[in-house]
1. List the helices (runs of 4 or more DSSP H) inside segment 145-260, counting only whole elements, that have at least 1 residues being surrounded by fewer than 12 Cβ atoms within 10 Å (Cβ to Cβ) and more than 15 Å from the ligand (Cβ to nearest atom).
2. Mind checking which pairs have a first residue in segment 185-202 that is under 22 Å from Gln213 (Cβ atoms) and a second that is assigned to a loop (DSSP other than H, G, I, E, B), Cβ under 7 Å, 6 or more apart or different chains?
3. Pairs needed: first member in segment 19-41, in contact (Cβ under 8 Å) with a residue 24 or more places away in the chain and assigned to a helix (DSSP H, G or I); second member anywhere, loosely packed, with under 14 Cβ neighbours inside 10 Å and of a type in the set (S, T, N, Q); C-beta distance under 6 Å; at least 6 residues apart or different chains.
4. Taking into account only those residues within segment 1-15 that are buried (at least 16 other Cβ atoms within 10 Å of the Cβ) and of a type outside the set (Lys, Arg), which is nearest to Arg72 (Cα to Cα)?
5. Could you please give the count of residues in segment 134-143 that are within 14 Å of the ligand (Cβ to nearest atom) and surrounded by fewer than 21 Cβ atoms within 10 Å (Cβ to Cβ)?
6. In segment 182-204, is there at least one residue being closer than 30 Å to Pro159 by Cβ and out of contact with any helix residue (DSSP H, G or I) (no Cβ under 6 Å at 6 or more places or on another chain)?
7. Only residues in segment 230-253 that are closer than 30 Å to Glu207 by Cβ count as the first member; pair them with residues that are of a type in the set (Gly, Ala, Ser), Cβ under 6 angstrom, at least 6 apart or cross-chain, and list the lot.
8. Considering only segment 49-72, state which residues are hydroxyl-bearing (Ser, Thr, Tyr), under 18 Å from Glu18 (Cα atoms) and within 12 Å of the ligand (Cβ to nearest atom).
Amino acid sequence: MNQVMDVLLKRKSIRAYEDREIEPEVKAQILHATLRAPTAGNQMLYSIVEVTDQTIKNTLAKTCDNQPFIARAPLVWLFLADYQRWFDYFLACGVEQACAEKGLPLRKPEEGDLFLACCDALIAAQQAVIAAESFGIGSCYIGDIMEQYETHRELFNLPKYVFPIALLCFGYLTQQQSERPQSPRFAEQFVVFENQYRRLSNPELEEMFRERQKLVFSGREYVEGSVNFGQLMYWRKFSADFSVEMSRSVRVILKEWLNT
Ligand SMILES: Cc1cc2nc3c(=O)[nH]c(=O)nc-3n(C[C@H](O)[C@H](O)[C@H](O)COP(=O)(O)O)c2cc1C
């Protein structure tokens, strides 16, 4: 197996870190690789905020659905989908005047632009994950950064066309974390199709989730009041308070972005 495959196949999310800083030259290399990520139209529609202030890390540990390990991560990067920089540039280049002269309305960032900027930010984030992994540095995404938009907007001074899409925590692995097994994945046949999307039948869904059901329930009749894995995940994740909050928060961002 080549070294890249080795890094890709061995990665797992790391939520407990050695109390050890990431060396500046290593961090610089991770950043350099991050900024080499593919980007739509070579526009780099993202920004990265390195969170060094412990007070801000402590706040994030609370606002991101109470995940204390965020406060203990030696390196925390916030990935922002960013159309503000480009739109400011357009305005600085006089596009408003140019549109007026042509009798055209000024186009502002819309839904498609937001999605494209999210793609850019996430692809850059994943490049950072893999670069870090290649130095033996573990990482974990925090999707809950999409919650509590009003608080995060204030905390990071975010303008209108900047959307906090992912937070990444990095650090060297503790012994216990390096020995921990990887999480399972679904079998390929349920995820990869040829030419057309195929909706799975109930028996296929049952087969797909059989391993998870067995792993979590292991002979028990109820887990957290649920009789199967689907019900458990529905209550624990899909309809949990954090999911409801994430949707509320994203609606606020969308309203702001789309001026509705
Ligand atoms: C978009 C996204 C958001 C995530 N958010 C969180 C999070 O808020 N907290 C956390 O502990 N892990 C989070 N994770 C990590 C996942 O839980 C993890 O990737 C998954 O359980 C599979 O485990 P593995 O990465 O070790 O293979 C997130 C991962 C992704 C891709």
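1. Values: elements: 149-156, 175-179, 202-217, 229-233, 241-258.
Qualifying helices (runs of 4 or more DSSP H): 149-156, 175-179, 202-217, 241-258.
2. Within 7 Å, the pairs are Phe190/Leu200.
3. Note: no pairs meet the criteria.
4. Ile14
5. Residues in segment 134-143 being within 14 Å of the ligand (Cβ to nearest atom) and surrounded by fewer than 21 Cβ atoms within 10 Å (Cβ to Cβ): 3 in total.
6. Pass one, segment 182-204, residues closer than 30 Å to Pro159 by Cβ: none.
Checked against the condition, which is being closer than 30 Å to Pro159 by Cβ and out of contact with any helix residue (DSSP H, G or I) (no Cβ under 6 Å at 6 or more places or on another chain), segment 182-204 yields no hits at all.
7. Matching pairs, first to second residue: Leu232/Ser226.
8. Pass one, segment 49-72, residues hydroxyl-bearing (Ser, Thr, Tyr): 52, 55, 59, 63.
Then keep just the ones that are under 18 Å from Glu18 (Cα atoms); that gives 52.
Listed by number, the list is empty, since nothing qualifies.
Here, each number is a calculation from the coordinates, and none is a lab measurement. These numbers come from a predicted model, not from an experiment. Neighbour counts run over all protein chains shown; Cβ positions are idealised from the backbone, glycine included.
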